[in-house]
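Engineer: Shown below is the structure under consideration.
The values are calculated or read from the model by the stated rules, or taken from the named source; none is laboratory data. Just so we're clear, the structure is a prediction, and the values are computed from it rather than from any experiment. In this analysis, Cβ positions are derived from the backbone assuming ideal geometry, glycine residues included, and neighbour counts consider all displayed protein chains. Note: areas computed on protein heavy atoms with side chains; ligands, DNA, RNA excluded. Shrake-Rupley method; radii C 1.70, N 1.55, O 1.52, S 1.80 Å.
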Amino acid sequence: MSTDTHAARPSKTVSMVWIIIAYIACCGAAALWLYNGPSTGSLLLDSFVADVIATVVIFIFSRVFKNSSFYDAYWSVIPPLFLLYWWDVAGHGNETRYLLISLVVWYWAIRLTWNWAKHWEGLNHEDWRYPIVRDRFPKLAIFSDFFGVHFFPTVQVFLGLLPAYACLTLSQAEPGILDYIATAIGITAVTIQLIADRQLHQFIAYRKPGQIIDQGLWSWSRHPNYFGEISFWASLALFGLAAWPQGWWWQIIGFVAMLVMFVTASIPLMETRSLERRPQYQDIIDRVSVLVPLPPKPKR
């Protein structure tokens, strides 16, 4: 059952305080493992274990407060911290490439975290998709919550960061044209997300009952924010290919996983919900590209 039905939830300010406490705790636990814990002998594996430890801490807060939106910010908060850690501990990569990939990742992380913080309603609200995951198997809700809402996205993002790991720890090659193409794609991708989210929130503020957004970027793509997100992870894959091409097969795993998730799960789920709530959304489906921005077909 969604936590929206629970009474006496804290204000947004109090909620944000608890979020900050949770993320200080999870980052502290991860750092304790990385700097003082027993090493596995592999920097990459140590990093993954720390990622899982941090995820478990957030999961505990989610269960205590009965709200899995504690995990919402994890997607964007953790990646830039890994960049800092990898460069600090084993920064053997080219400094210019490190600055380029850091520019892209920090731009993405700040934009996404700020957008979430600005529009999140507090612990009186939970992402509508989380109860769906838990309610599929009510008797196993705690496992669905951990693996479906917390652990699986952590693994996905970690896989998406493998190219950054290659850039910072495995290669000292000078940046080439592919690095600058990756930078351009990454910056453009995040800017598309920035514009799309701004247009969406402006539309929501002034929309009429039953009205569906088909303006700006949303007139060219039904999910321009998802297109930007996928393109961001593609840019990281390009960075990895530029720095360590011999590892191409494991560096594209994260991007492919992201693409599959959005195309087979996130987009269909959003499309189904939109049609259920607004049957006239079918007209948007008939006219507007589902993901890649393309000129729309004429209105009927």
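Engineer: Report, by residue number, each residue of the range 191-201 that is touching a residue at least 40 places away in the same chain (Cβ under 8 Å) and either of a type in the set (S, T, N, Q) or not in a helix (DSSP H, G or I) (or both).
Structural biologist: Selection gives Gln193 alone.
Engineer: Just to verify a result, which residue in the range 59-73, among those that are touching a His at 6+ places or on another chain (Cβ under 8 Å) and not in a loop (DSSP other than H, G, I, E, B), is nearest to Asp127 (Cα to Cα)?
Structural biologist: Checking each candidate, the answer is Ser69.
Yes/no per residue for (1) under 30 Å from Tyr180 (Cβ atoms); (2) touching a residue at least 12 places away in the same chain (Cβ under 8 Å); (3) not basic (Lys, Arg):
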| site | (1), (2), (3) |
| --- | --- |
| Ala22 | no, yes, yes |
| Asp88 | yes, no, yes |
| Gly93 | yes, yes, yes |
| Tyr107 | yes, yes, yes |
| His119 | no, yes, yes |
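Engineer: Might you let me know whether the range 153-165 holds any residue that is open to solvent by 60 Å² or more (accessible area, probe 1.4 Å) and without any contact (Cβ under 8 Å) to a residue 24 or more places away in the chain? Even if it seems obvious, please write down each step before you answer.
Structural biologist: First, pick out the residues of the range 153-165 that are open to solvent by 60 Å² or more (accessible area, probe 1.4 Å): none.
No: the range 153-165 contains no residue that is open to solvent by 60 Å² or more (accessible area, probe 1.4 Å) and without any contact (Cβ under 8 Å) to a residue 24 or more places away in the chain.
Engineer: For residues that are in contact (Cβ under 8 Å) with a residue 24 or more places away in the chain and surrounded by fewer than 20 Cβ atoms within 10 Å (Cβ to Cβ), scanning just the range 202-224, find the one that is farthest from Ser266 (Cα to Cα).
Structural biologist: Step one: list which residues in the range 202-224 are in contact (Cβ under 8 Å) with a residue 24 or more places away in the chain, which gives 210, 212, 214, 217-224.
Applying the additional criterion that residues be surrounded by fewer than 20 Cβ atoms within 10 Å (Cβ to Cβ) yields 210, 212, 214, 219-220.
Numbers: Gly210: 22, Ile212: 19, Asp214: 19, Ser219: 19, Trp220: 19 Å.
Checking each candidate, the answer is Gly210.
Engineer: Since Trp220 meets every condition but one in (1) modelled with pLDDT of 95 or more; (2) in contact with a helix residue (DSSP H, G or I) (Cβ under 9 Å, 6 or more places away or on another chain), which condition does it not meet?
Structural biologist: Unmet for Trp220, out of (1) modelled with pLDDT of 95 or more; (2) in contact with a helix residue (DSSP H, G or I) (Cβ under 9 Å, 6 or more places away or on another chain): (2).
Engineer: I need every pair where a residue in the range 127-140 that is over 14 Å from Phe152 (Cβ atoms) has its Cβ under 6 Å from the Cβ of a residue that is at pLDDT below 85 and open to solvent by less than 90 Å² (accessible area, probe 1.4 Å), sequence separation at least 6 or different chains.
Structural biologist: Correct list of pairs: Pro131/Ser2.
The rows are residues; the columns are (1) within 16 Å of Ala31 (Cβ to Cβ); (2) of a type in the set (A, V, I, L, M); (3) surrounded by 19 or more Cβ atoms within 10 Å (Cβ to Cβ).
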position: Leu45; (1), (2), (3): no, yes, no
position: Ser69; (1), (2), (3): no, no, yes
position: Leu84; (1), (2), (3): yes, yes, no
position: Leu99; (1), (2), (3): no, yes, no
position: Leu112; (1), (2), (3): no, yes, yes
position: Asn115; (1), (2), (3): no, no, no
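Engineer: Inspect the range 139-146 for any residue being touching a Pro at 6+ places or on another chain (Cβ under 8 Å) and either surrounded by fewer than 18 Cβ atoms within 10 Å (Cβ to Cβ) or not in a helix (DSSP H, G or I) (or both) and give the result as yes or no.
Structural biologist: Our first condition is that a residue be touching a Pro at 6+ places or on another chain (Cβ under 8 Å); within the range 139-146, this holds for none.
No - not one qualifying residue is present in the range 139-146.
Engineer: Let me ask something else about it. Take the range 275-293 and flag every residue that is open to solvent by 30 Å² or more (accessible area, probe 1.4 Å) and more than 17 Å from Ala189 (Cβ to Cβ).
Structural biologist: Going residue by residue through the range 275-293, those that are open to solvent by 30 Å² or more (accessible area, probe 1.4 Å) are 275-280, 282-283, 285-286, 290, 292-293.
Listed by number, the residues that qualify are Leu275, Glu276, Arg277, Arg278, Pro279, Gln280, Gln282, Asp283, Ile285, Asp286, Val290.
Engineer: Mind listing just one residue for me: the one in the range 268-298 that is assigned to a helix (DSSP H, G or I) and among the basic types (Lys, Arg) and, of those, nearest to Gln211 (Cα to Cα)? Talk me through it step by step, then tell me what you get.
Structural biologist: Filtering the range 268-298 down to residues assigned to a helix (DSSP H, G or I) leaves 268-277, 281-287.
Subset that is among the basic types (Lys, Arg): 273, 277, 287.
Details: Arg273: 15, Arg277: 11, Arg287: 16 Å.
Residue satisfying both the conditions and the ranking: Arg277.
Engineer: Could you check, for the range 167-181, whether at least one of its residues is hydrophobic (A, V, I, L, M, F, W, C), surrounded by 23 or more Cβ atoms within 10 Å (Cβ to Cβ) and within 24 Å of Thr264 (Cβ to Cβ)?
Structural biologist: Within the range 167-181, the subset hydrophobic (A, V, I, L, M, F, W, C) is 167-168, 170, 173, 177-178, 181.
Okay, now just the ones that are also surrounded by 23 or more Cβ atoms within 10 Å (Cβ to Cβ), so 167-168.
From what's left, within 24 Å of Thr264 (Cβ to Cβ): none.
No: zero hits.
Engineer: Now a separate question. Can you confirm whether the range 160-167 contains a residue that is within 30 Å of His201 (Cα to Cα), at pLDDT 95 or above and touching a helix residue (DSSP H, G or I) at 6+ places or on another chain (Cβ under 9 Å)?
Structural biologist: yes
Engineer: (1) closer than 26 Å to Thr96 by Cβ; (2) part of a helix (DSSP H, G or I); (3) in contact (Cβ under 8 Å) with a residue 40 or more places away in the chain; (4) more than 20 Å from the chain's Cα centre (by Cα): which one isn't true of Gln172, the others all being true?
Structural biologist: Of everything listed in (1) closer than 26 Å to Thr96 by Cβ; (2) part of a helix (DSSP H, G or I); (3) in contact (Cβ under 8 Å) with a residue 40 or more places away in the chain; (4) more than 20 Å from the chain's Cα centre (by Cα), Gln172 misses just condition (2).
Engineer: Moving on to the next point. Take Gln193 and tell me if it is within 24 Å of Val288 (Cβ to Cβ) and open to solvent by 20 Å² or more (accessible area, probe 1.4 Å). Spell out how you get there, then give the answer.
Structural biologist: Working: within 24 Å of Val288 (Cβ to Cβ): yes; open to solvent by 20 Å² or more (accessible area, probe 1.4 Å): no.
When the stated conditions are applied, Gln193 does not pass them.
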